[in-house]
1. With A:13, A:42 as the choices, which residue is within 13 Å of chain B (Cβ to nearest Cβ) and at pLDDT 95 or above?
2. Checking residue A:260 against (1) more than 14 Å from chain B (Cβ to nearest Cβ); (2) surrounded by fewer than 19 Cβ atoms within 10 Å (Cβ to Cβ); (3) in contact (Cβ under 8 Å) with a residue 24 or more places away in the chain; (4) not in a helix (DSSP H, G or I), which test does it fail?
3. Which ones in the range A:201-226 are of a type in the set (S, T, N, Q) and touching a Phe, Trp or Tyr at 6+ places or on another chain (Cβ under 8 Å)?
4. Might you let me know whether the range B:240-260 holds any residue that is acidic (Asp, Glu) and closer than 14 Å to residue B:154 by Cα?
5. Out of curiosity, is residue B:193 surrounded by 16 or more Cβ atoms within 10 Å (Cβ to Cβ), modelled with pLDDT of 95 or more and under 12 Å from residue B:107 (Cα atoms)?
6. When the range A:50-66 is examined, which residues are found to be surrounded by fewer than 24 Cβ atoms within 10 Å (Cβ to Cβ), of a type outside the set (Lys, Arg) and in contact with a Phe, Trp or Tyr (Cβ under 8 Å, 6 or more places away or on another chain)?
7. Is one or more of the residues making up the range A:209-225 away from chain B (no Cβ under 14 Å), charged (D, E, K, R) and either touching a Cys at 6+ places or on another chain (Cβ under 6 Å) or under 28 Å from residue A:112 (Cβ atoms) (or both)?
8. Return the total of residues in the range B:39-76 being closer than 16 Å to residue B:10 by Cα, among the hydrophobic types (A, V, I, L, M, F, W, C) and touching a helix residue (DSSP H, G or I) at 6+ places or on another chain (Cβ under 9 Å).
Number of protein chains: 2
Amino acid sequence: MALELLSTTKCFEGEQRVYKHHSNTLGCDMTFGVYLPPAVIEDKTQCPVLYFLSGLTCTHENFVQKSGFQETAAKHGLIVVNPDTSPRGVELPGQDDAYDFGSGAGFYVDATEEPWSKHYKMYSYVTQELADVVNANFSTLPGKQGIFGHSMGGHGALICALKNPGLYQSVSAFAPIANPSECPWGKKAFTGYLGADTSSWEQWDATYLASKYVGPPQELFIDQGSADNFLVVKQLLPEKLLAAAAPNDHIQTIFKQRDGYDHSYFYISTFVAEHIAYHAKLLKA
Amino acid sequence: MALELLSTTKCFEGEQRVYKHHSNTLGCDMTFGVYLPPAVIEDKTQCPVLYFLSGLTCTHENFVQKSGFQETAAKHGLIVVNPDTSPRGVELPGQDDAYDFGSGAGFYVDATEEPWSKHYKMYSYVTQELADVVNANFSTLPGKQGIFGHSMGGHGALICALKNPGLYQSVSAFAPIANPSECPWGKKAFTGYLGADTSSWEQWDATYLASKYVGPPQELFIDQGSADNFLVVKQLLPEKLLAAAAPNDHIQTIFKQRDGYDHSYFYISTFVAEHIAYHAKLLKA
């Protein structure tokens, strides 16, 4: 679990760092961002950790550079970790043929289909190996972790939480791909990673998982811009998730529609402070 | 002065736009960013305009995407305009040979040397043509404009203000190239754009201009990270500017050193809210 520090930059009195490490789960080297708030830098305070999962085509860089999350993470004393979106450098045939499958598009599932199943295990990477690495190397507060994400990463945050009752104390998503089994992006990805048998997709679909979830009460904060072009073309389908969750007493949803906002980082930057405050409230309760 | 709208994106209840137009001064098409705060979008309120000049290698995109300035501009009701850093598409020989001269490195001077003098007039573009375009197309408050910038753009902001007493009511700079005649970046750029006769450089050097400035009292807010690697290798030389300005009763300097901060956008993002609040206070006085 040796970490290689690629960069560290002071930001809002804390430090934005980028690390590289070898992932045994993925069978390749991976980079990830870690923001350490001033409470960690100055006093080695144990702080909750909040994971952010990015969307299609992203690396760890996009959220770090464009969202402006560091200001609010500093204020609330959260460690924020954001991984890459797929295995890298594994050289599978076809991995770079499309923006929405393969490199940059791991969809946070554990692939079962060849050749992807050897490396594309982003679900296990995020929920287990990366968390172990983070907890072993940074002053995280035990048992206090949240997860959020954007688009494909919003889907990832939802399934990581719904498949692991009680593992994350706070969950939110910006414009998630909420019902991948029923949208073009999800159908393509799940066919490739999980196979053509759609029954195998259910366990990786937030809408199905929300309907079946049993466990400690889980609140899901879903955020969606009304002018999001991917909402219009039915790639996101938040209404399916909300409808599936409604009858389930174990799930509580908060849905905020943002009038006139699109799918971009300008949208994320506008509301990231609200999300981080939401996570902080639950993680520091 | 026809403007072509390339994009508009809602951000902090205002709109981040990107425009293209033909610049007669530069003899080419140019893009620039404009953030319109909610007061402009909702009520067509006349607002002060604040120009941001970017550093080496940047386009209009860097500041727009990485600084997070929009939150504070929205709060204070400032229109923020940020141009590109050089003429584009003019195809001068050697323009793309180096990161610190030619494309992306106009240094906000009016070149006198061939072949640059035909196009490289970023000083006149920023202080005159772009301002005319902005005032003709957006609800700017007449006579209320400020200017700031980063590195090469901090130098640009300082000379635009010092060469035009009273034109800008507020001026600040992040890690400016404060004495270009005496640093490697500046010597290379000034030799290329202005010629080998260093006496012609004085009128484009903020340190010289600050020593000679006569006009309405001008305050200069200079910001500098202590861990800035370009400070260490003497590309920035803020101490020269401060020393030159000190005896000049027409200039007041505010110097803030930021312990441990570097030259990056993580540094800018940490302090941009303070700068915008500073400009707003002066522009709304």
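The values are calculated or read from the model by the stated rules, or taken from the named source; none is laboratory data. Nothing here was measured: the structure is a model prediction, and the numbers come from that model. Ideal geometry is used to build each Cβ from the backbone, glycine not excepted, and the neighbour counts take in all protein chains shown.
1. Matching residue, one of A:13, A:42: A:13.
2. That leaves (1) as the condition not met.
3. A:224, A:226
4. Checked the range B:240-260: no residue is acidic (Asp, Glu) and closer than 14 Å to residue B:154 by Cα.
5. yes
6. Result: A:56, A:57, A:60, A:62, A:65.
7. yes
8. Result for the range B:39-76: 5.
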